[in-house]
Amino acid sequence: MTERTAETTGPRLGGIFDYAPAPESRSIVDIKSSYGLFIGGEFVDSVDGKPFKTISPATEEVLAEVTEAGPRDVDRAVSAARAAYTADWARMRAADRSKYLFRIARIIQERSRELAVLESLDNGKPIRESRDVDIPLVAAHFFYYAGWADKLPYAGFGPNPRPLGVAGQVIPWNFPLLMLAWKIAPALACGNTVVLKPAETTPLTALAFAEICQQADLPPGVVNIVTGAGDTGRALVEHPDVDKVAFTGSTEVGRLIARSVAGSDKKVTLELGGKAANIIFDDAAIDQAVEGIVNGIFFNQGHVCCAGSRLLVQESVYDEVLSSLKRRLGTLRVGDPLDKNTDIGAINSAEQLDRIKKLSEIGEEEGAERWSPPCELPDRGFWFAPTIFTGVSQAHRIAREEIFGPVLSVLTFRTPDEAVEKANNTPYGLSAGVWTEKGSRILSIAQRLRAGVVWANTFNKFDPSSPFGGYKESGYGREGGRHGLEAYLDV
Ligand code: NAD
Ligand code: MN
């Protein structure tokens, strides 16, 4: 048996063999030491901002210095977007807009390996996910909306649907480039121009996207990228010349944004938090369900708004599900995000790690039972072992609040009615999962779940043609699919 390295640890598979390190090379990415803002088609210096650093959460190594845009920078970006909207983009033949979007999609495919490595470095997510999930979906979103650009009169919004104007878009750190694609692709397809602010911990792939816009010869000002934190985001959404605000992030900030745009003409979509129920009935294929539970909560370290963070198991299969789940968790490999065998990477920031630790401690204090597989964590960087809480009641904070980390709360139920009642007992309503062999039960349960997306015998499946969005405190508006066009059209 070979020695395990500190960076990549994982249990020995039944004591049979162990994995050798298989790191993806980072030589494919060329990270500059510092970046300005992308305004009017060029990288420019800030006029009233200041520099800050972005790090790799797996090593705490500084990756680059980026710019925290000030209000005057934001104003310049909005003006550039307005000028491009008036002069070029909204007037251009729709078929030509779609050519640019197809070009961007193809460049993303060509540069996919580089983008995957950059995303894993800046965010901490495993390369297996950035390479096989995030970046292919980014390209797919641009291809999908490129196809819509010249077919808008047939989208069901009247014969001549008009764009809104300048969109101010603020995105989170959990799927940096994918959230950018969800925001920018439909906005551009509909003829809007954009100013986008990536999250402060993950600006690098958005800046790489700015280079891709240059490479695609996109008219200057159609896409502008302003980096920064909450203050930059606030300056953007409050800017009077922004016609449309699109936000993905916490419910707390979503509320602030809803308040700040109330009374204005701005159109708003908010994609906020979640606390999804993943419901396992006793007739489900248990091995597949266990894979779905793992994918539901441990994908992307649980930094997923639609994560299946509340497991509801029918009592009669509770023991079987729990023992399979624990055995499966014992095979998950936590460590170096760039290692191709890594299942769980780094927690995105020290702040997020604190939040996860605090809520997990509260779970124990409230009386739930905490379990993690044996798992060595690297010394540097931000790490949290995959964790299960059993004996959780609906009143526990870990059953109600979004933890946004690799932490699963397990509850049980006896009847379908009880499952539905417990699943809906949350202020959120973004997603849910149902596992059963009966088609009729899938349909009846899905109908009664107050969630924007219900997965049946699968979880965390995304497709650009499928709408996504929430009920209640999970926000409003839909992204993706034909529905996603509506958010960027004057209808
Ligand atoms: P956040 O809502 O603070 O940040 C999301 C984005 O909003 C970032 O780009 C941030 O800079 C920006 N922002 C912050 N304050 C703003 C303001 N006043 N006006 C405009 N923009 C502003 O989220 P966070 O602090 O990074 O994470 C906190 C919690 O949010 C997490 O624990 C998780 O529960 C939740 N979250 C949800 C999602 C999601 O996809 N729904 C994503 C990230 C975080
Ligand atoms: Mn980072």
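Taking every alpha-carbon pair under 8 Å whose residues sit at least 6 apart, the chain reaches a relative contact order of 19 percent. Site pair Ala350 and Ala258 shows an inter-label distance of 3.3 nm when each label is modelled 7 Å from Cα along Cα→Cβ. Computed over neighbours whose Cβ is under 12 Å from that of Ala206, the net charge equals -2, Lys and Arg +1, Asp and Glu -1. Between the alpha-carbon centres of segment 75-141 and segment 331-359 there is a gap of 26 Å. If you look at the Cα atoms of the chain, you get an Rg and a Dmax of 22.4, 68 Å. Direction-averaged projected area, Cα convex hull, segment 223-332: 9.9 nm², rounded to one decimal. Here the Karplus relation 6.51 cos²θ - 1.76 cosθ + 1.60, evaluated at θ = phi - 60°, turns the backbone of segment 394-403 into coupling constants of 5, 7, 4, 4, 5, 9, 10, 9, 6, 8 Hz, with x for every Gly and Pro.
Its alpha carbons considered, segment 58-97 gives a radius of gyration followed by a Dmax of 17.0, 48 Å.
Think of each Lys and Arg Cβ as +1 and each Asp and Glu Cβ as -1; about the Cα centre, that makes the dipole of segment 277-456 roughly 360 debye.
For Ala95 and Ser393, the difference between the fully extended length at 0.36 nm per residue and the C-alpha to C-alpha distance is 101.8 nm. Note on segment 130-180: Cα Rg divided by 2.2 N^0.38 Å, N the number of residues, gives 1.44. If R0 is 22 Å, the Cβ-Cβ spacing of Lys438 and Ser466 corresponds to a FRET efficiency of close to 0.40. Near Arg103: Cβ cut-off under 13 Å, other residues only, Lys/Arg at +1 and Asp/Glu at -1. The net charge is +1.
Hull volume per residue, based on the alpha-carbon atoms of segment 305-384 and their convex hull, is 134 Å³. Working note: 222 nm ellipticity from helices only, DSSP H runs with n ≥ 4, each -39,500 (n - 2.57), summed and divided by the residues of the chain, gives -10500 deg cm²/dmol to the nearest 500.
Radius of gyration (Cα atoms) of segment 370-491, expressed as a multiple of 2.2 N^0.38 Å: 1.27.
Legend: P(r) of segment 79-144 from all alpha carbon pair distances, 5 Å bins from 0, whole percents, reading 4, 17, 19, 16, 14, 12, 11, 6, 1. Taking 37 °C and 0.692 mPa s as conditions, segment 277-456 diffuses translationally at an estimated 200 µm²/s according to Stokes-Einstein applied to its Kirkwood radius (Cα pairs).
Around the amide H of Asp18, modelled in the peptide plane, lie the amide H atoms of Thr2, all under 5 Å away and 5 or more residues distant in sequence or on another chain.
Only Cα pairs under 8 Å and 6+ residues apart enter the sum, and on that basis the relative contact order of segment 277-456 stands at 29 percent. For segment 282-321, the share of alpha carbon pairs falling in successive 10 Å distance bins from zero is 30, 51, 19, 0 percent. The Cα-based radius of gyration and maximum Cα-Cα distance (Dmax) for segment 16-58 are 17.9, 60 Å.
Throughout, read-outs are computed from the coordinates displayed, never taken from laboratory work. Please read these numbers as outputs of a predicted model, since none were measured by experiment. Here Cβ is always computed from backbone atoms with ideal geometry, including for glycine, and neighbour counts include all displayed protein chains.
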